[in-house]
Amino acid sequence: MLKRRLRLPSPALVISMITLSLVLGGTAVAATATHGDKKADTKLIKKLAPTLSVKHAKTAASATTAGHATSADSATNATNATNATNATNATNATNATNATNATNATNASQLGGVAASGYQTTAKLQFGSITGLASTPSVVTARSRGLVSVAKVTTGFYNARFSSDVSSCTWIATAGNTAIGTSDWTATTRAPTAGLPNTDVGIVVWDSAGAQSDPSAVFVEVLCP
């Protein structure tokens with residue numbers, strides 16, 4: 001019985017087998033590199049780039065929106081919000097702190113369209129009511145402003161003293177009876193008795209017969225420019 005002898009492969013066959021093995025092995029490695037294991041990818045990236053933030057990085061090579069996100073660390077609309085920290089309508093509200101219609105109201109400086117200088121100030125208007133002229137004249141304080149005192153010179157003639165110089169002012173006097181609706185006297189003003197200061201005004205009163213007489217009351221008013 002004859003034995004069958006195995007022949008060794010030829011050199012060409014050996015080379016072909018080696019080439020085929022390398023080709024198949026490379027394809028397997030390439031398939032493995034594209035797997036979907038995210039944990040492995042993360043470990044690999046951290047190993048290659050330790051300072052790279054991967055958790056929020058949209059890109060791996062340059063994670064600008066994660067490590068130093070402009071919209072988070074220095075958010076213009078948060079840290080220095082124009083409408084909050086330096087809100088024009090709050091901190092320096094034009095219509096509140098420096099309100100034109102409040103602090104310097106036009107209708108206050110010019111009442112009824114007339115400038116403040118067009119109104120008579122209290123310092124330029126003085127007046128007073130006087131009673132007791134028949135004996136000891138006295139000033140009715142509750143109905144007077146600026147009238148300090150009254151002195152009787154003689155019957156129907158009196159000197160009224162004011163708190164300031166009235167020599168360049170207009171003087172007006174009215175005499176009457178204390179009974180409502182009656183007036184039996186005529187009053188006028190004149191220069192005070194010689195030697196008296198410029199704060200005094202002379203008042204003369206006549207009765208209906210034309211004689212100087214003491215009325216029940218006199219009202220005197222001084223208007224200064």
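The values are calculated or read from the model by the stated rules, or taken from the named source; none is laboratory data. If you're wondering where the values come from, they're calculated on a predicted model, not measured in any experiment. For neighbour counting, all protein chains shown are included, and Cβ atoms are generated from backbone atoms with ideal geometry for every residue, glycine included. Keep in mind that these areas ignore ligands, DNA and RNA; they rest on the heavy atoms of the full protein, side chains included. Shrake-Rupley method; radii C 1.70, N 1.55, O 1.52, S 1.80 Å.
Table for the structure above
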{"quantity": "Cross-chain or 6+ apart pairs with Cβ under 7 Å, region 151-177 first and touching a residue at least 40 places away in the same chain (Cβ under 8 Å), then open to solvent by 70 Å² or more (accessible area, probe 1.4 Å) and of a type in the set (Asp, Glu)", "calculated": "ASN177/ASP184"}
{"quantity": "From the options GLY210, GLY202, residue that is out of contact with any helix residue (DSSP H, G or I) (no Cβ under 7 Å at 6 or more places or on another chain) and modelled with pLDDT of 95 or more", "calculated": "GLY202"}
{"quantity": "Qualifying strands (runs of 3 or more DSSP E) (wholly inside region 124-199; at least 1 residues being surrounded by 15 or more Cβ atoms within 10 Å (Cβ to Cβ) and either aromatic (Phe, Trp, Tyr) or touching a helix residue (DSSP H, G or I) at 6+ places or on another chain (Cβ under 6 Å) (or both))", "calculated": "125-131, 157-162, 170-176, 185-190"}
{"quantity": "Count of residues meeting criterion [in a strand (DSSP E or B), open to solvent by 50 Å² or more (accessible area, probe 1.4 Å) and among the hydrophobic types (A, V, I, L, M, F, W, C)] in region 201-225", "calculated": "3"}
